[in-house]
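*Asks:* What follows is a single structure, and I will ask about it in a moment.
The values are calculated or read from the model by the stated rules, or taken from the named source; none is laboratory data. Values in this document were obtained by computation on a predicted structure and should not be read as measured data. As a convention, Cβ positions derive from the backbone with ideal geometry for all residues, glycine included, and neighbour counts pool all protein chains shown.
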Amino acid sequence: MTTVDYQQLLQRVDSVLRSRVLVYGSLPPDARDLDLLVGPDDAAAIEEALRADGFRAWNHSLVAFRGCTVLVVELIPAAGLGLPTAELDALYREAVPLPHLSQVAEPSPHHTLLILARRLAGARVLRPKHRTRIDRAVAFDAGAWEKANDRAHLWAAESALARLQSLHGGRAGYRRRHPPRPRRTRVIAIAGTDGDRITSHAHSLRESLARLGFSAIVEQKPIRRSRLGEVLSLWRPLCRHLGRGTVLIYDLSPGSRSASNRILGPLSPRPLRSYVIDARRSRDEVCEELAEDAWLALIHRTRPEAMARQVMTAIRRRSARVGRE
């Protein structure tokens, strides 16, 4: 999402609001999407307006594909913060209005620190965009840390705020107690006759999927003389990222034989989606269709996946009941 896209989206949201909403995430140029802390009436008004503009609902988000970019708006219920009514009112009342907008604001510096403390409670290091937000809050209000500490008990964030301040000061965070849950790795193949066009679409797709929350990597297939060498070159990236939930986008450079057919061979990894780019079509049109179709394929659960998820949920609930007994 470019800064221009972000500003236009903010103006569109601001035009339909009657009360204040807060930008809950990063501001441009660090914003990957637009996170808004909203009440029920505001959420309904925003969703109605954006649906009229062609956005599609997905979980708590609204998604629209526009050429070679994707716009994502996440609506976060304010009641979900679990704050006392007085503190929730203070969060909205003390917010700082954004330029040229009447109803969209960003949290005050001390509330920004409390929000980050809760959102990053399990982090071991600070990402650059989070460090930038903290630096910006402290630069705006030198007493932000002290004010946040005074209110941390209202947010149930005393230890999380102390950890955030420690991470911001450069001290090492704690280690993860449990290993990450294995997640399925997916393959998307892009082929065609124009090598530069293929590479361009592969990287555009990676950026679009990243904005939608997927970890995506572009892998360029090396040219091999033997069939076995080519098959091995396709399996190596898949083995490296096995269980990480990565989306591997194979950039299949054109060769003497059809790369799109060879990727579908019985010995090669089976892609979730395989695309052949028509160089005669406009780049924006292909980008939009490619990203939307890949996204729909990634969020669709097959029947075995849905059944496995149900079984694991039942096991966790059973374990919780046994633990309480």
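*Asks:* Report yes if H130 is modelled with pLDDT of 95 or more, assigned to a helix (DSSP H, G or I) and out of contact with any Phe, Trp or Tyr (no Cβ under 7 Å at 6 or more places or on another chain), otherwise no. Walk me through it before giving the result.
*Replies:* Values: modelled with pLDDT of 95 or more: no; assigned to a helix (DSSP H, G or I): yes; out of contact with any Phe, Trp or Tyr (no Cβ under 7 Å at 6 or more places or on another chain): yes.
So H130 does not fit the description; no.
*Asks:* Tell me, yes or no, whether the range 94-107 has at least one residue that is of a type in the set (S, T, N, Q), under 19 Å from A160 (Cβ atoms) and touching a strand residue (DSSP E or B) at 6+ places or on another chain (Cβ under 9 Å).
*Replies:* No, every residue in the range 94-107 fails to be of a type in the set (S, T, N, Q), under 19 Å from A160 (Cβ atoms) and touching a strand residue (DSSP E or B) at 6+ places or on another chain (Cβ under 9 Å).
*Asks:* While we're on this one: Within the bounds of the range 83-96, is there any residue that is closer than 30 Å to L290 by Cα and either without any contact (Cβ under 8 Å) to a residue 12 or more places away in the chain or not in a helix (DSSP H, G or I) (or both)?
*Replies:* no
*Asks:* Within the set of pairs 6 or more residues apart or between chains, which connect a residue that is under 19 Å from A210 (Cβ atoms) inside the range 233-247 to a residue that is buried (at least 17 other Cβ atoms within 10 Å of the Cβ) and acidic (D, E) with Cβ atoms less than 6 Å apart?
*Replies:* Note: pairs meeting the criteria are P237/E219.
*Asks:* Another question, if that's okay. Check R32, R12 and return the single one that is of a type in the set (K, R), in a loop (DSSP other than H, G, I, E, B) and within 30 Å of R283 (Cβ to Cβ).
*Replies:* Numbers: R12 fails: in a loop (DSSP other than H, G, I, E, B).
One residue alone meets the criteria, R32.
*Asks:* Next question, about the same structure. Six or more apart or on different chains, Cβ atoms under 7 Å: show the pairs whose first residue is in the range 113-135 and in contact (Cβ under 8 Å) with a residue 12 or more places away in the chain and assigned by TED's automatic domain parsing to the domain that holds A31 and whose second is of a type in the set (A, V, I, L, M, F, W, C) and not in a helix (DSSP H, G or I).
*Replies:* So the pair list comes out as L114/A157; A117/A157; R118/A157; H130/L120.
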